[in-house]
Amino acid sequence: MTIRLYSYWRSSAAYRVRIALNLKGLDHEIIPVSLAPGVSEHRSEQYRAKNPQMLVPFLEDGELGIAQSMAILEYLEETYSDVTLLPTAEPERSRVRAFCNGIACDIHPLNNLRVMNFIKKEYGADPTSAWYRHWIHEGFRAAEALASAGPTVFGDAVTLADAFLVPQVYNARRFQVPLDDFPRLVTLADNANTLAAFRDALPENQSDAP
Ligand SMILES: N[C@@H](CCC(=O)N[C@@H](CS)C(=O)NCC(=O)O)C(=O)O
């Protein structure tokens, strides 16, 4: 079966899935879907028929189509278990999931493209504004307290927590959000980026990066 990932180079939710596919060593094809202003392939009828939410990522594995990065990652974890990215025992397993959701549910949705576009249109703020910084700082304060001293977010093994942290740190840097208060998170993200699975998933290493 062929795994196809609908992705955009700058999408941090797709970036999480790219990292996990690489870590698991799964053969896959990346199908770029442009979110660029004026292009917006994700809003085409063709893409909407696949994913009515009109967001990336979207994963196809044979006939199966899955939206939402966390649902995709849980599917991959349940289906392809040679390399595991969730600890098997509790409380470690729930701790990794909670860390991921802190980013996926409580930081990312407040700062994503359509939210920033709406704020910009209605209130004239831009993504470098206090809004963007505020939600990253709020979420990172908790993440910094939860993370281990390394080398990975929760000790020695790379987990989904690293796959969620790295794209969020990348975004923070992209918008010049100061990260001085989060030395642990910065070190952990830098550690992860020494691994090929993370480097290959970097936005600038994607075929659709300009
Ligand atoms: N909760 C979703 C978020 C997906 C999402 O917001 N994707 C962004 C890119 S990171 C997107 O497609 N944005 C298009 C838009 O906002 O119109 C997930 O984790 O997959």
TODO: Treating only the Cβ atoms of Lys and Arg (+1) and Asp and Glu (-1) as charged, compute the dipole magnitude of the range 1-126 about its Cα centre; round to the nearest 20 debye.
DONE: 500
Task: Alpha-carbon spread of the range 93-160, three principal axes, descending order, Å - done: 44, 17, 14
Open item on the list: I'd like the distance between the alpha-carbon centres of the range 141-210 and the range 1-39, rounded to an integer number of Å.
Closed with: 17
Task: the range 81-210: radius of gyration over Cα atoms, expressed as a fraction of 2.2 N^0.38 Å - done: 1.10
TODO: Pick out which of G155, G38, G62 has the largest mean-square fluctuation in a Gaussian network model of the chain, springs linking Cα atoms closer than 10 Å.
DONE: G38
Open item on the list: Given N residues in the range 9-87, what is its alpha carbon radius of gyration divided by 2.2 N^0.38 Å?
Closed with: 1.12
Task: Calculated FRET efficiency for the pair S44/E204, C-beta based, R₀ 25 Å, to 0.05 - done: 0.50
- [ ] Lys and Arg at +1, Asp and Glu at -1: add these up for the other residues within a Cβ distance under 11 Å of F164 and post the number.
- [x] +1
Task: Calculated over the range 149-197: convex hull of Cα atoms, volume per residue (Å³) - done: 68
TODO: Per residue of the range 165-175, in order, report the coupling 6.51 cos²θ - 1.76 cosθ + 1.60 (Karplus, θ = phi - 60°) as ³J(HN,Hα) in whole Hz, putting x for Gly and Pro.
DONE: 5, 4, x, 6, 5, 4, 4, 4, 5, 4, 9
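Read the figures in this text as sums done on the coordinates, not as results from a lab. Not measured: the values here are computed from a predicted model. Note that each Cβ is placed from the backbone with ideal geometry, even for glycine, and that neighbours are counted across all protein chains shown.
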